[in-house]
Amino acid sequence: MALVRGLFSLAVILVVLVLGYWLYATYVTAPNAPYWSEINTNMPGSFRRFSCEQVRKRETAGQIASCEGV
């Protein structure tokens, strides 16, 4: 049981870290930052639209690769 609890805790921590970085990068980093664009490409539609809107408010120049089709 302790192994399952440990694995579950590790999975939750990883999800929180990835989502935390994605949210941080949405507001702070360049729109074509390699990790952010990979995470953003794989996010569900509503998260991706939110992120692309925030980045477009901040960055007006050029296309954002991970926001194509949004």
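Read-outs: derived from the displayed coordinates by stated rules, not from any lab. Treat the numbers as computed from the prediction; the structure is a model and nothing was measured. Quick reminder, even Gly has a Cβ in these numbers, built from the backbone with ideal geometry, and neighbours come from all protein chains shown.
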Pairs only if they're at least six apart or on different chains, beta carbon under 6 angstrom, first in the stretch 35-53 and within 15 Å of I64 (Cα to Cα), second aliphatic (A, V, I, L, M); list them, first residue then second.
W36/A25; S37/A65; R48/V70; R49/V70; C52/V70
Every pair of residues 6+ apart whose Cβ atoms lie under 7 Å, when the first sits in the stretch 1-26 and is within 25 Å of R48 (Cα to Cα) and touching a residue at least 24 places away in the same chain (Cβ under 8 Å) while the second is aromatic (F, W, Y) and surrounded by 10 or more Cβ atoms within 10 Å (Cβ to Cβ):
W22/W36
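Can E68 be described as surrounded by 11 or more Cβ atoms within 10 Å (Cβ to Cβ) and of a type in the set (D, E)?
On the way: surrounded by 11 or more Cβ atoms within 10 Å (Cβ to Cβ): no; of a type in the set (D, E): yes.
No: the conditions fail for E68.
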Residues in the stretch 1-56 that are surrounded by 12 or more Cβ atoms within 10 Å (Cβ to Cβ), among the hydroxyl-bearing types (S, T, Y) and assigned to a helix (DSSP H, G or I): how many?
6
